[in-house]
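For reference, the structure is listed below as structure tokens.
The values are calculated or read from the model by the stated rules, or taken from the named source; none is laboratory data. Computed from a predicted model, the values in this text were never measured in an experiment. Neighbour counts run over all protein chains shown; Cβ positions are idealised from the backbone, glycine included. Accessible surface areas use protein heavy atoms only, side chains included; no ligands, DNA or RNA. Shrake-Rupley method; radii C 1.70, N 1.55, O 1.52, S 1.80 Å.
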Amino acid sequence: MEGLREKAISGAFWTSIQKFGISILSFLSNIVLARLLVPDDYGCIGLLAIFIAISNSLVFGGFISALIQKKDAAEPDYSTVFIWNLSVAIILYLILFFVAPFIASFYRISKLCSVLRVEGLILIVNGLSTVQTTLLRKALRFKKLAIINIISSSIAIVVAIILAYKGMGVWALVTQQIVMSSCNTLLLWITSTWRPSCVFSIDSFRGLFSYGGFMLLSDLMNTFCDNIQGLIIGRRFSSSTMGYYAQAKRLEEVPTQSFSQLVAQVTFPIYSTIQDEHDRLRSAVKRTLSLMNYVNFPLMVLLMVVAEPLIVCLYSNKWIDSIPLFQILCVAGLVNCLQSVNYQVVSASGRSKQLFIWNFAKRGSGLLLMIIGAFWGVKGVLWGMVISYYIVYYVNARLAFQSTHYSIGEQALDSLPYLILSIVSAVLVFPISYMISQLFIRLVVQVFVFICSYALLSLFFAKNQFLEIRSIIGTYVKRFLVVNSQ
């Protein structure tokens, strides 16, 4: 158990370095880009997000999870997946290339045609590195993945800022994505010893498809419903409104996507290893949720409180319409880690068919809620999305219970103290909004008071989690410093 714990913490540490490192770099670059670009530029990327995201799911989804979940995966399995994924990527790019004019016509924005044709190239680039990434994840070599991704992201950000400064508009954002994917793939090929062989095994494909096929369908459903609000907003409202939403979502995703992707990359291989040991799995899930909620709940509540000074100080007054959208998204972010952890439990247990069937039901209801919400404007769409997130969590927790015997009621009771501490801390700092008019000073004071309040309350009501988080951070900061000093 201790060895598994060490692997989990080590994996979490380096995945945190990767996810939060990239998020911080993207966050800082976005501060610059948001001042150089206009909402329409972000709106164009946001309008196409659903098409790129679904295509990426088809390239990455299903078989990658199957390779990680399969304990005795061999060379024919990896080569088969590589050939399949690359072929799918090429076919999907060709489809996007030819349907681009129709998509541009649907949104009534002509330049989307050329933007999609160029942006779609990342599918082929990503298809070249799926197996290398999988091998590193399966071996829990998250340090290497972190370094590669941070280097790639840094190069792409520099290129994007230069292009935005030269007035390239939306093409700065498109180029950023392509450069990041290209650098990532190149570094993975340079540093990896694995090379594909000209072997496509039908038996291997069938074996992986029996699990990966339903995982692929499930991932597609998740991706579609996670991005459908952009399609609804883009069609029903203006590209500027889409830009405000896209900017709010980008900011909200800095913590939430980092947390959920960290959970997925680290917990899925770990849960797959202990999928048949219910007591260990329950203990691992309970521990993960406790630590993640201890950090995620106060962060989301704090962001809701400081939304106005945060967005105005970071992006300027031209993005002020993003503030209420950002606050609504943070309400959904509260449950993000909860639903992600439970989803990984069900995925690791091999019940991909069951996961797909329930995904179809829960995501279908979420889609209906967002469509109905559109009659009340863009905020209505987002509130529909919030409700759907909580439905997703409820279903995921019920499915995970079969493997963990950790009920949704127990999860809620274990999570409630962190939410209460977060709300109490928010109540203590909220009056500052009326006491300090200067936005930057208000932001700094509110963040400082909130952190101090939450830490102090934690010492009395969540001491174990406070000490464990401090211990984990302290241990791996020391290790990081030792490694870098050698």
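Would you check which residues across the stretch 96-130 are in contact with a Ser or Thr (Cβ under 8 Å, 6 or more places away or on another chain) and aliphatic (A, V, I, L, M) and list them?
Leu96, Ala100, Ala104, Ile109, Ile122, Leu123, Val125, Leu128
Could you say which residue among Ile155, Ile109, Ile161 is touching a residue at least 12 places away in the same chain (Cβ under 8 Å), closer than 30 Å to Asp40 by Cβ and outside any helix (DSSP H, G or I)?
Details: Ile155 fails: outside any helix (DSSP H, G or I); Ile161 fails: outside any helix (DSSP H, G or I).
The match here is Ile109.
Determine, yes or no, whether Arg363 is open to solvent by 80 Å² or more (accessible area, probe 1.4 Å) and not aliphatic (A, V, I, L, M). Quick ask: steps written out before the conclusion?
Values: open to solvent by 80 Å² or more (accessible area, probe 1.4 Å): no; not aliphatic (A, V, I, L, M): yes.
When the stated conditions are applied, Arg363 does not pass them.
Residues of the stretch 378-414 being among the basic types (Lys, Arg) and either in contact with a strand residue (DSSP E or B) (Cβ under 8 Å, 6 or more places away or on another chain) or at pLDDT below 85 (or both), which ones?
Residues of the stretch 378-414 that are among the basic types (Lys, Arg), as a first pass: 379, 398.
The one that is among the basic types (Lys, Arg) and either in contact with a strand residue (DSSP E or B) (Cβ under 8 Å, 6 or more places away or on another chain) or at pLDDT below 85 (or both): Arg398.
Looking at the stretch 113-145, which of the residues that are outside any helix (DSSP H, G or I) and under 14 Å from Asn85 (Cβ atoms) is modelled with the lowest pLDDT? Please lay out each step first, then the result.
Start the filter on the stretch 113-145 by keeping residues that are outside any helix (DSSP H, G or I), which leaves 120-121, 128-129, 139-141.
If we keep only those that are under 14 Å from Asn85 (Cβ atoms) as well, we get 128-129.
On the way: Leu128: 89, Ser129: 85.
Among those that are outside any helix (DSSP H, G or I) and under 14 Å from Asn85 (Cβ atoms), it is Ser129.
Taking only pairs six or more apart or across chains, which ones have beta-carbon atoms under 6 Å, a first residue in the stretch 51-70 that is of a type in the set (Gly, Ala, Ser), and a second residue that is open to solvent by 10 Å² or more (accessible area, probe 1.4 Å) and modelled with pLDDT of 80 or more?
Hits for this filter: Ser55/Leu92.
Condition test on Ser433, is it farther than 30 Å from Tyr343 by Cα and not in a helix (DSSP H, G or I)? Please lay out each step first, then the result.
Details: farther than 30 Å from Tyr343 by Cα: yes; not in a helix (DSSP H, G or I): no.
Here the answer is no, as Ser433 does not meet what is asked.
Has the stretch 290-300 got any residue that is open to solvent by less than 20 Å² (accessible area, probe 1.4 Å), within 17 Å of Ala248 (Cβ to Cβ) and in contact (Cβ under 8 Å) with a residue 24 or more places away in the chain?
Yes, the conditions are met somewhere in the stretch 290-300.
Give the residue, chosen from Ile148, Ile90, that is in a helix (DSSP H, G or I), open to solvent by less than 20 Å² (accessible area, probe 1.4 Å) and of a type in the set (Val, Ile, Thr). Give the steps one after another, and end with the answer.
On the way: Ile90 fails: open to solvent by less than 20 Å² (accessible area, probe 1.4 Å).
The unique qualifying residue is Ile148.
Residue-by-condition table, conditions (1) open to solvent by 20 Å² or more (accessible area, probe 1.4 Å); (2) under 26 Å from Arg363 (Cβ atoms):
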{"residue": "Ala397", "(1), (2)": "no, yes"}
{"residue": "Ser407", "(1), (2)": "yes, yes"}
{"residue": "Pro417", "(1), (2)": "yes, no"}
{"residue": "Ile423", "(1), (2)": "yes, no"}
{"residue": "Val429", "(1), (2)": "no, no"}
{"residue": "Ile432", "(1), (2)": "no, no"}
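Among (1) within 19 Å of the chain's Cα centre (by Cα); (2) modelled with pLDDT under 70, there is one condition Ile24 misses while meeting the rest; what is its number?
Among (1) within 19 Å of the chain's Cα centre (by Cα); (2) modelled with pLDDT under 70, Ile24 violates only (2).
In this structure, does Phe200 turn out to be of a type in the set (Phe, Trp, Tyr), at pLDDT below 80 and part of a helix (DSSP H, G or I)?
Values: of a type in the set (Phe, Trp, Tyr): yes; at pLDDT below 80: yes; part of a helix (DSSP H, G or I): no.
No; evaluated as a whole, the condition is false for this residue.
Matching residues to (1) more than 15 Å from Val335 (Cα to Cα); (2) hydrophobic (A, V, I, L, M, F, W, C):
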residue: Trp383; (1), (2): no, yes
residue: Ser407; (1), (2): yes, no
residue: Asp414; (1), (2): no, no
residue: Ile432; (1), (2): yes, yes
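So which residues in the stretch 164-178 are crowded, with 20+ Cβ neighbours inside 10 Å and of a type in the set (A, V, I, L, M), if there are any at all? Working first, answer last.
In the first step, residues of the stretch 164-178 are kept if they are crowded, with 20+ Cβ neighbours inside 10 Å; the result is 164, 170-174, 176.
Answer for the stretch 164-178, where residues must be crowded, with 20+ Cβ neighbours inside 10 Å and of a type in the set (A, V, I, L, M): Ala164, Val170, Ala172, Leu173, Val174.
Going through the stretch 411-444 one residue at a time, which ones are closer than 28 Å to Arg280 by Cα and in contact (Cβ under 8 Å) with a residue 60 or more places away in the chain?
At the first step, the residues of the stretch 411-444 found to be closer than 28 Å to Arg280 by Cα are 411-419.
Answer for the stretch 411-444, where residues must be closer than 28 Å to Arg280 by Cα and in contact (Cβ under 8 Å) with a residue 60 or more places away in the chain: Gln411, Asp414, Ser415, Tyr418, Leu419.
Residue by residue through the stretch 223-269, note down the ones that are among the polar types (S, T, N, Q), open to solvent by less than 20 Å² (accessible area, probe 1.4 Å) and at pLDDT below 75.
To start, the set of residues in the stretch 223-269 that are among the polar types (S, T, N, Q) comprises 223, 227, 229, 238-241, 247, 256-258, 260-261, 265, 267.
When the remaining residues are screened for being open to solvent by less than 20 Å² (accessible area, probe 1.4 Å), the result is 229, 247, 256, 258, 260, 267.
Listed by number, the residues that qualify are Gln229, Ser258, Ser260, Thr267.
For the stretch 65-74, state whether one or more residues are modelled with pLDDT under 80, hydroxyl-bearing (Ser, Thr, Tyr) and either closer than 24 Å to Ala248 by Cα or in a helix (DSSP H, G or I) (or both). Outline the logic, then answer.
To start, the set of residues in the stretch 65-74 that are modelled with pLDDT under 80 comprises 65-74.
Narrowing further to those that are hydroxyl-bearing (Ser, Thr, Tyr): 65.
This time we only want the ones that are either closer than 24 Å to Ala248 by Cα or in a helix (DSSP H, G or I) (or both), so: 65.
Looking through the stretch 65-74, at least one residue is modelled with pLDDT under 80, hydroxyl-bearing (Ser, Thr, Tyr) and either closer than 24 Å to Ala248 by Cα or in a helix (DSSP H, G or I) (or both).
Of the residues that sit in the stretch 26-49 and are aliphatic (A, V, I, L, M) and in contact with a Gly (Cβ under 6 Å, 6 or more places away or on another chain), which one is most open to solvent (accessible area, probe 1.4 Å)? Don't jump to the end; show me each part of the working.
Narrowing the stretch 26-49 to residues aliphatic (A, V, I, L, M): 28, 31-34, 36-38, 45, 47-49.
Now narrow it down to the ones that are in contact with a Gly (Cβ under 6 Å, 6 or more places away or on another chain): 47, 49.
Working: Leu47: 2, Ala49: 35 Å².
By that ranking, first place goes to Ala49.
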